[in-house]
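In what follows, a structure is listed as structure tokens, so that the remarks can point back to it.
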Amino acid sequence: MLAELLGGVALSYSVWSIFALQQNYRRATSMGIPLIWLPVDPLNVPFQVIEPHLFRLLDLIPFQLPPFIYHLRRGWYFGDKADTHLKHGPVWALVTPRDIHVHLSDAEAIHSVFSRRGDFIRPQKMYKLLEVYGPCISTADATNWPRHRKILAAPFNEAAMGYVWSETLSQTKQLVAAWTSSSPAGIASVAKDTRTLSLNVLAAVGFRRSFSFRTSDQTEAEKESGMLSYRDALQLVLDNAILLMLVPYRHLVHSWLPISLRKIGRAVADFRDHMAQMLEAETKSLNLGEKGSGSLMTSFIRALDVQSKETNSTSVQGLSVDEIFGNTFVINFAGHDTTANTLAFSTLLLAAYPEVQEWIAEEVQEVVAGIPGDEWNYAELYPRLPRCRAVLFETLRLYPPIMALPKWTNDQPQSLRVGDREIIIPPHTSVQPNIIAVQTHPQYWPEPRVWKPSRWITAPTGAAEKEEMYVPPRDTFIPWSDGPQNCLGVKFSQVEFVAVLVRLLLQHRLVVIKQRSSETDAETTARVWQVANECDAQMLLRMKDPDRVKLKLRRVE
Ligand code: HEM
């Protein structure tokens, strides 16, 4: 009986799929671009659940599978780079029973999509899952997004960047101390340590919660007033973000649940309590006419104030308490693993290429020469470190945390110029600027697959200080997106990254621990390269197993 029922469901689903696929294919044909059909949509949730298991089986099949299988694998963008665009051109589409997904690698067409916010909209329904604590900038509709953006952007100013700089230097100093005293087997986990560093910087800068650095082997949870500390609660929340996006946290506190799930539920509740306490303390301080802590929270509460003062106004101007909580979470979510993963990729690559470390150290030594560490001034030093920024840019070019951005046409057909053609994209169609493709396209980048930070420095003069950053053609480098809805943390992540490199490489070098004494330098480099390029994409691009490479930090005189 059950088998018959399941068979019936499968048959109905197949019939519907064939019918819907045919309809979408007909709609897509009107664009006159190359089309690749898929039997199931990559965004189909049940498919997403079975996808990793399915591919574990498919990978065992010894003969060639039909070509469409390739685009069903999650994170296919990373291995593909610009290959599908080189085969089919700057615009092509995947057609599925559910939708049409247009992919773009033409920089000018991408620019047009980013600039026309009302024509190519952010699919806010897809982002709804981010509302763990409340509505936020990423889920706001077209009317509300400018209000969120204005309030959130205000505190990302130069004063805050100075704080990012000094806090990162202090965190990295502690990281260097921990790494130089690691066991002969090497640093336990570079990737976990860069996550800790990134979280500590966010907590301090965003929310004035300062924590000392601790390595991945120091696992004991800290308590604050009987709750998990701000950092531990947030870490657990972010580590389990995908689960929390699927299961509301109020369902994770029941006593009959396994302790591991209840712990997550507790952490979410504790983090909410921390936010409520911060809100109360900041409100009190502002009501007393004080300046507040100067954190993001201070800024948000000022916005809350605007709203309550304007009760006669019909239009909402500030943020509600739920929106403050929602945005606090989303800033942590958006700023944590993006930066941490980029630091992890760069650390491994720098270790694999000692000559790049020397190149960076040369710049750092020239710039900070004779200035004591506690007087390294952000405004003076940061602009004079283009080589450090070059390492960040080159890493993001090859390893962008978000590989393609989902945009959607509104309820009207949209015309888009791609090269010398004008195409008409049907309403409600997914249009994806293919970030990794445009950043690795040989039309824009020579030796596109080579990690070469020096490509970002123009007219090297030999004197590191006189060098300038290369500015690539518009929208050929877009890891932070572009246009009005670009990343709010662009400068934040750049300042943090540069400060890490300055502190790390001024007097130390990263060294890969050889697997055997006969391993040559070329073999070591190839091994690290392989680990850095075995990636998966859960929500963001990340290395599958970075700890397979063991590093140590050596002091140089
Ligand atoms: C290397 C580091 C980073 C990368 C590559 C990155 C990338 C991106 C991208 C591609 C978007 C656009 C997403 C979309 O349109 O769907 C975005 C948005 C955003 N990012 Fe970042 N990000 C980074 C670091 C940060 C940091 C450090 C923060 C905050 C401290 C941050 C906060 C945000 C916020 C709030 C948005 C939403 C902006 C809006 O909707 O108006 N990001 N980021």
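Compute the separation of the alpha-carbon centres of the stretch 498-557 and the stretch 95-136 and state it in Å as a whole number.
First find each Cα centre; the distance between them is then 34 Å.
What residues qualify as long-range amide H neighbours of residue 534, i.e. H under 5 Å apart, gap of 5 or more or another chain, H built at 1.01 Å from N?
The answer is 544.
Going 7 Å from the Cα of residue 291 in the Cα-to-Cβ direction, what parts of the stretch 188-209 have a backbone nitrogen less than 18 Å from that spot?
Taking a point 7 Å out along Cα→Cβ of residue 291, the residues of the stretch 188-209 whose backbone N falls under 18 Å are 204-209.
What is the Cα centroid distance between the stretch 1-36 and the stretch 144-221, reported in whole angstrom?
47
Expressed in nm to one decimal, what extension gain is obtained for the pair residue 365 and residue 556 from 0.36 nm per residue of sequence separation less their Cα-Cα distance? List each step's numbers first, then the result.
Numbers: separation 191, 0.36 × 191 = 68.76 nm, distance 1.23 nm.
This chain segment gains 67.5 nm when fully extended.
Skipping prolines and chain starts, which residues have an amide H placed within reach, meaning under 5 Å, of the one on residue 550, given they are 5 or more residues away or on another chain?
Residues meeting the amide H criterion: 513.
Through the Karplus equation 6.51 cos²θ - 1.76 cosθ + 1.60, θ set to phi - 60°, convert the phi angles of the stretch 259-272 into ³J(HN,Hα) values in whole Hz; use x for Gly and Pro.
Running phi through 6.51 cos²θ - 1.76 cosθ + 1.60 with θ = phi - 60° gives 4, 5, 6, 5, 4, 5, x, 5, 4, 5, 5, 5, 5, 5 Hz.
Quick check: from the Cα gyration tensor, does the stretch 239-307 come out rounded (a/c under 1.5), prolate or oblate? Walk me through the numbers before you get to the answer.
On the way: a/c = 3.52, a/b = 2.83, b/c = 1.24.
Verdict is prolate for the stretch 239-307.
Express in whole angstrom the spacing between the alpha-carbon centres of the stretch 342-393 and the stretch 396-449.
32
Amide H neighbours of residue 418 under 5 Å, at least 5 residues apart or on other chains, H built in the peptide plane: list them.
Result for residue 418 returns 423.
Peptides 375-384, 511-520: what's the order by average Cβ count within 10 Å, highest mean first? Mind showing how you got there, number by number?
Numbers: 375-384: 14.8, 511-520: 11.9.
Averaged packing, sorted descending, gives the order 375-384, 511-520.
In whole Hz, what ³J(HN,Hα) sequence does the stretch 178-189 give by Karplus (6.51, -1.76, 1.60; θ = phi - 60°), x for Gly and Pro?
Couplings: 5, 5, 6, 9, 6, 5, x, 6, x, 5, 4, 8 Hz.
Given the -39500 (n - 2.57) contribution per DSSP H run of 4+ residues, what per-residue ellipticity at 222 nm results for the chain, rounded to the nearest 500 deg cm²/dmol? Spell out each step's value before the answer.
Working: 20 runs with 272 residues, N = 557.
Rounded to the nearest 500, it is -15500 deg cm²/dmol.
Lysine pairs, Cα distance under 29 Å, 8 or more residues apart or cross-chain: how many in the stretch 449-557?
Lysine pairs satisfying the spacing and distance rule in the stretch 449-557 number 12.
Which of the peptides 413-426, 249-262, 103-116 is most tightly packed, and how do the rest follow, going by the mean number of other Cβ atoms within 10 Å of each residue? Present the calculation step by step, with values, prior to reporting the outcome.
On the way: 413-426: 15.0, 249-262: 11.7, 103-116: 22.1.
Put in order of decreasing packing, that is 103-116, 413-426, 249-262.
Compute, for the chain, the length of the dipole vector about the Cα centre, with Cβ point charges of +1 (Lys, Arg) and -1 (Asp, Glu) only. Units Debye, rounded to 20. Provide the component values of the computation, followed by the final result.
Details: 58 positive and 58 negative charges, 130 e Å.
Rounded to the nearest 20 debye, it is 620 debye.
Charges on Cβ only, +1 for Lys and Arg, -1 for Asp and Glu, centred on the Cα centroid of the chain; of 410, 60, 124, which one is farthest towards the dipole's positive end?
Positive-end residue among those listed: 60.
Give me a comma-separated list of calculated 3J(HN,Hα) values for the stretch 284-289, in order, Karplus coefficients 6.51, -1.76, 1.60 applied at θ = phi - 60°, integers in Hz, x for any Gly or Pro.
These are the phi-based 3J(HN,Hα) values: 4, 4, 5, 5, 7, x Hz.
Sorting check: for 167-180, 141-154, which peptide has the highest mean count of neighbouring beta carbons within 10 Å, and how do the rest follow?
Numbers: 167-180: 19.5, 141-154: 15.1.
Averaged packing, sorted descending, gives the order 167-180, 141-154.
Rule-based calculations on the coordinates, nothing more; no lab input. Since the model is a prediction, treat every value here as computed from it, not as a measurement. Virtual Cβ from ideal backbone geometry, glycine too; neighbours counted across all protein chains shown.
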